[in-house]
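All remarks here apply to the structure that follows.
The values are calculated or read from the model by the stated rules, or taken from the named source; none is laboratory data. All of these numbers come straight from a predicted model, not from anything done at the bench. A quick note on method: Cβ atoms are made from the backbone with ideal geometry, for glycine too, and the neighbour counts reach across all protein chains shown.
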Amino acid sequence: MAKEITLGILYSGQLETQLVKSAKKIGGIKTIILTDDQNGPAQHFCDKFICGDLKSKKVLEKFISEIDICTYAFENLSYDILKEIADIKEVNPSPKTLKIAQNRILEKTFANEEAGVKTTEWKVIKSLEDLKDGINLFGKSILKSVSGGYDGKQQHRFNSINDIDPNIDFSKIYILEKFLNFKQEISVAVTRYKNGKISIYEPTENVHENGILRHSKIPANITKKIFKEAQDIAIKFAEKLDYVGTLNLEFMIDNKDNLFFNEKSNRVHNGNWHTVNSYKICQFTNHIRAVCGLEFIENKKISNAEMLNILGEEIKEFRKKEYRENEYFFDYLKSDIRPNRKMGHLTILKD
């Protein structure tokens with residue numbers, strides 16, 4: 001009988017919870033969660049829950065001593081902490097891939113120069129003069145922090161230099177992107193195994209409201225050319241990065257059906273959660289199998305699907321509802337209900 005694998009997972013949100021559930025379903029994998037959130041929902045499903053300061057040498061050493069492999073589904077974790085773990089135990093995806101994902105300059109440089117992928121035009125901004133030059137060059141544009149700023153946060157939009165906020169802190173470095181008149185956003189999940197084998201999912205069409213992902217569906221309303229191009233780029237990224245695990249890429253499509261890479265998520269992603277019900281092997285199960293070095297299994301789509309993210313107080317009504325056979329309600333079991341916080345989702349399978 002194969003030796004049981006002890007998989008350490010950093011943090012304890014909804015994505016980590018689903019990873020734990022997938023590990024249990026596979027079998028032969030013990031899961032240990034390390035987080036600084038005592039209310040993290042993954043504690044209800046993992047084999048061991050360690051709550052403590054990840055910067056504490058004692059806490060980290062205890063975690064490292066008890067695991068065989070480490071993974072994560074949270075990009076705002078410390079690169080230095082992940083590297084410290086990787087110096088002793090196997091970490092997938094690697095700290096190198098996280099470092100690129102955490103820095104928009106590194107990410108876009110990698111996309112353009114290493115992967116040869118098209119992005120919207122962009123420029124590094126270090127001063128007010130840089131910003132003025134960039135806006136004059138691009139016209140309508142968006143200023144983003146180099147790191148962080150998910151769900152549309154830490155962003156400034158400009159039509160001209162007259163829109164510049166005088167309170168922008170230029171002790172920080174930013175990236176200015178030329179505004180893209182896009183008609184759609186799609187994302188592609190891809191899982192790469194240690195032996196280089198690839199499991200690719202079809203593009204998912206995503207709709208945001210107020211910068212927050214609200215709806216996702218397959219099939220996406222895109223051309224066959226865009227379908228193939230997006231999958232090919234996702235595979236290229238995974239191979240160029242020597243990636244192990246599930247990677248998600250986000251793309252924008254303009255009014256002329258040109259495809260632009262926007263950003264990558266170094267992890268399983270909320271927008272492709274529908275794969276739990278729409279595919280034989282979901283993005284979470286594929287991730288666990290890949291990072292643990294398990295056998296690659298051919299995947300296939302089961303059904304078309306739509307997914308609705310449930311935000312804030314909406315969760316109360318969804319917890320009371322009864323659902324049809326083709327409807328799957330996921331409650332993230334978060335104790336603190338806040339406006340626009342992702343509290344759960346509903347997946348509906350379609351013909």
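Just checking, does the stretch 215-223 include any residue being of a type in the set (D, E, K, R) and exposed (fewer than 15 other Cβ atoms within 10 Å of the Cβ)?
So in the stretch 215-223, the residues of a type in the set (D, E, K, R) come out as 217.
The next check asks that each one be exposed (fewer than 15 other Cβ atoms within 10 Å of the Cβ); those that pass are none.
No, the stretch 215-223 contains no residue that is of a type in the set (D, E, K, R) and exposed (fewer than 15 other Cβ atoms within 10 Å of the Cβ).
Considering the stretch 244-351, the qualifying helices (runs of 4 or more DSSP H), each wholly inside and each with 3 or more residues that are of a type in the set (A, V, I, L, M, F, W, C) and modelled with pLDDT of 95 or more, run over 283-291. Which residues, counting only those in the stretch 305-328, are within 24 Å of Thr191 (Cα to Cα) and either over 21 Å from the mean Cα position of the chain (by Cα) or of a type in the set (Phe, Trp, Tyr) (or both)? Hit for the stretch 305-328 is Tyr328, nothing else. Among the candidates Lys280, Lys236, the residue that is closer than 18 Å to Thr119 by Cβ, surrounded by fewer than 24 Cβ atoms within 10 Å (Cβ to Cβ) and basic (Lys, Arg) is uniquely Lys236. Of the candidates Phe284, Phe318, the single residue that is within 25 Å of Ser199 (Cβ to Cβ) and of a type outside the set (S, T, N, Q) is Phe284. In this entry, Gln184 is excluded by the filter for residues that are of a type in the set (S, T, N, Q) and either in contact with a Leu (Cβ under 9 Å, 6 or more places away or on another chain) or farther than 27 Å from Lys240 by Cβ (or both).
Taking the numbered list (1) assigned to a loop (DSSP other than H, G, I, E, B); (2) in contact with a Cys (Cβ under 8 Å, 6 or more places away or on another chain) in turn, Ile9 passes all entries but (1).
For the stretch 105-145, the set of residues classified as crowded, with 16+ Cβ neighbours inside 10 Å and touching a Ser or Thr at 6+ places or on another chain (Cβ under 7 Å) consists of Lys108, Ala111, Gly134, Ile135, listed by residue number. Only one of the numbered conditions (1) within 21 Å of Met307 (Cα to Cα); (2) buried (at least 23 other Cβ atoms within 10 Å of the Cβ); (3) of a type in the set (S, T, N, Q) is not met by Asn266, and that is (1). Taking the stretch 47-104 as the range and being surrounded by fewer than 20 Cβ atoms within 10 Å (Cβ to Cβ) and of a type in the set (S, T, N, Q) as the test, the residues that pass are Ser56, Ser65, Asn76, Ser78, Ser94, Gln102, Asn103.
Yes/no per residue for (1) touching a helix residue (DSSP H, G or I) at 6+ places or on another chain (Cβ under 6 Å); (2) more than 30 Å from Phe251 (Cα to Cα):
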position	(1), (2)
Phe49	yes, yes
Lys57	no, yes
Thr71	yes, no
Ile88	yes, yes
Gly116	no, no
Leu143	no, no
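Okay, residues lined up against (1) under 16 Å from the mean Cα position of the chain (by Cα); (2) of a type in the set (Lys, Arg); (3) within 24 Å of Phe237 (Cα to Cα):
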| position | (1), (2), (3) |
| --- | --- |
| Cys51 | no, no, no |
| Leu82 | no, no, yes |
| Lys99 | yes, yes, yes |
| Thr109 | no, no, yes |
